[in-house]
Amino acid sequence: MKTLVSKRLILRDLNINDLVPFYSYARKPNIGPNAGWKPHTSIEESSKILKMMISDKEVWGIELKSTNQLIGTIGLHVRNFDNAVNNVKEVGYVLDDAYWGQGLMVEAVNAVLDYAFINQELDAVFCGHAKHNIQSKRVIEKTNFLYTHTEPRDHFDGTKVDIMMYELKRLDYLGGKVNDKSKNEIRL
Ligand SMILES: CC(C)(COP(=O)(O)OP(=O)(O)OC[C@H]1O[C@@H](n2cnc3c(N)ncnc32)[C@H](O)[C@@H]1OP(=O)(O)O)[C@@H](O)C(=O)NCCC(=O)NCCS
């Protein structure tokens, strides 16, 4: 995957050396369930999932420049047939709770949106959060997605959770960048 660099972060391919930091946050009860997945119960389980993500090539490791440590992941996914046909993808992310509240995920999402719209030329990107997940809602709002609808999705415990879905269209994103000089330089 293309490496993406922002002010404080490097978004890069995951590798097996990420296993220990990956397991250390994936086991926490406040990380996975907010993104719909069960906390990992062993390093072996994390190893299998990490290897799957490495081979799928849809997820970047989020590395903090100042420590070269893996602190989370962010992915750009084709969720279903309609996504592929309509040239759209869905962004999903998690961050170790030791790094919450510093605007790091907004920075990561903006780097991925540049890549999605400028390099991949997608027509739109979707993002969703469980109704109760106000932290993710704030990231989505701060990256200028617009609410579209709410849909039920399977939760890891067998229940259904209402996911609030948002969309950002390519033309709105590129138009916004032209008018917002504080964002990264646009590279067309
Ligand atoms: C959602 C998540 C990625 C946000 O990342 P982040 O880098 O902390 O985002 P921000 O720094 O922009 O903070 C987002 C909001 O969370 C709030 N916040 C930060 N730490 C918090 C905490 N410990 N408890 C409650 N709210 C907190 C911030 O105040 C901010 O709100 P504001 O913009 O109104 O001030 C992160 O919380 C996370 O990984 N959560 C678990 C997994 C998850 O929910 N993934 C998304 C699935 S849809």
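Any read-out appearing in this document is the output of simple, stated calculations on the displayed coordinates, not a laboratory observation. This is a predicted model, so every value here is computed, not measured. Positions of Cβ are generated from backbone atoms using ideal geometry, with glycine treated the same way; all protein chains shown enter the neighbour counts.
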Item checked: DSSP-loop trypsin sites (Lys or Arg not before Pro) across the stretch 13-57, with at most 15 other Cβ within 10 angstrom -> Lys57
Check: Say each of Thr67 and Asn30 gets a label point 7 Å from the Cα, pointing the same way as Cα to Cβ; how far apart are those two points in nm?
Finding: 1.6 nm
Next item on the list: Note the per residue figure in Å³ for the convex hull of the C-alpha positions in the stretch 4-179.
Entry: 120 Å³
Next item on the list: Check cross-link reach from Lys48 to the lysines: straight Cα distance under 27 Å, and skip same-chain residues fewer than eight apart.
Entry: Lys2, Lys28, Lys38, Lys57, Lys65, Lys89, Lys160
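Give me the net charge of Asp96's neighbourhood, meaning all other residues with Cβ under 13 Å from the Cβ of Asp96; Lys, Arg count +1, Asp, Glu -1.
Values: positive: Arg27, Lys28; negative: Asp18, Glu63, Asp97.
Around Asp96, the surrounding residues sum to -1.
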Margin query: Run lengths n ≥ 4 of DSSP H only: what is the helix-derived mean residue ellipticity at 222 nm for the chain, with -39500 (n - 2.57) per run over all residues, to the nearest 500?
Written below: -9000 deg cm²/dmol
Next item on the list: Express in whole angstrom the spacing between the alpha-carbon centres of the stretch 85-109 and the stretch 1-64.
Entry: 12 Å
Check: What is the distance, in nm, between label points placed 7 Å from the Cα along the Cα-to-Cβ direction at His77 and at Leu171?
Finding: 2.9 nm
